[in-house]
Amino acid sequence: MGDMRVPLLSIAIFALLWTLVAWLAASPATLPTPWTVARLGLAELASGELLFHLSATLARTLAAFVIAMTIGAVIGLAMGTNRAANAWGDPWLIGLLNLPALVTIVLCYIWIGLTEVAAIAAVAINKIPLVATQMREGARALDPALDDMARAFGMSRRAKMRHIVLPQLAPHFAASGRTGIALIWKIVLVVEFLGRSNGVGFMIHQYFQLFDVARVLVYAISFVIVMLAVEALALQPWERRATRWRLR
């Protein structure tokens, strides 16, 4: 319970500050109070609309996350362990890192169409170079002494990967995952805002056109709450497990 006190107190302070600002603004249309947003959120939840659109956004986020982490990790490991691969791939990596997400989204929609494939591809393409960069640095930091030890003991390639390489790369993979999920869901919202017919981004776009600030906040905060739960229940335990060997 002691560990939960600080986060709960922090949330309470945020709610109080929000209430104070809303009171000073004295304009519910500009900034509604937290309880107004909570009441509307419960109504959207009861109608099933909130769960439907949250599920659509989560599905796109998960698909893009798995694709980006898998491809990015393979590319990063190859570039970090092979000089030729790094020399050939570095210009591509730098170019993709500096390509604006909005450009990628627009091009995917033009080339592929306003489809789920285009939406997920646009998000994954934006995240792959970031994962590759982090995993490349992790591969470069592999301890050569451990590699020599593996050779001396005649470890197979599979055993070496499992017991020597992957434990050293796990913290970098975990860091990529934590930063990746935060970036991916934000890009997913932009993708939905621009070209999907469901999802949190689509609903924010719809209520933005109606100047309905309260419902914009309902959908934005609802997804933030979901991602905080994912962070606390999945990503943080994953990171602790990945880095526990360093603390021994």
Helix 116-140 vs. the chain, principal-axis angle (Cα, 0 to 90°, nearest 10): 40 degrees
Peptides ranked, highest mean first, by Cβ atoms within 10 Å: ranges 93-100, 162-169, 193-200: 193-200, 162-169, 93-100
Integer Hz, Karplus 6.51/-1.76/1.60 couplings in order for segment 87-104, x for Gly and Pro: 5, 6, x, 4, x, 4, 5, 5, x, 5, 5, 9, 7, x, 4, 4, 5, 4
Likely footprinting exposure, Trp185, Trp23, fewest C-beta neighbours within 10 Å first: Trp23, Trp185
Alpha-carbon centroid distance for the pair segment 182-205 / segment 99-124, whole angstrom: 12 Å
Burial ordering of Lys127, Lys186, fewest other beta-carbon atoms within 10 Å first: Lys186, Lys127
Protection proxy ranking, peptides 25-32, 102-109, average beta carbon neighbours within 10 Å, highest first: 102-109, 25-32
Contour excess over end-to-end distance, with Cα ends at Phe208 and Trp18 and 0.36 nm allotted per residue: 66.4 nm
Per-residue ³J(HN,Hα) for segment 156-167, Karplus 6.51 cos²θ - 1.76 cosθ + 1.60, θ = phi - 60°, Hz, x for Gly and Pro: 5, 4, 5, 5, 5, 5, 6, 9, 10, 6, 4, x
Counted charge near Val37, where neighbours are those whose Cβ lies closer than 13 Å (Asp, Glu -1; Lys, Arg +1): 0
Shape call, segment 152-248: gyration tensor on alpha carbons, a/c limit 1.5: prolate
For segment 168-180, Karplus couplings with θ = phi - 60° (6.51, -1.76, 1.60), whole Hz, Gly/Pro x: 6, 7, 4, x, 5, 5, 5, 5, 4, x, 5, 6, x
Label-point gap, in nm, between Arg151 and Val6 - each point 7 angstrom along Cα→Cβ: 4.5 nm
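No value in this document is a laboratory result; all are computed from the given coordinates. Values in this document were obtained by computation on a predicted structure and should not be read as measured data. All Cβ positions, even for glycine, are placed from backbone atoms using ideal geometry, and neighbour counts span all protein chains on display.
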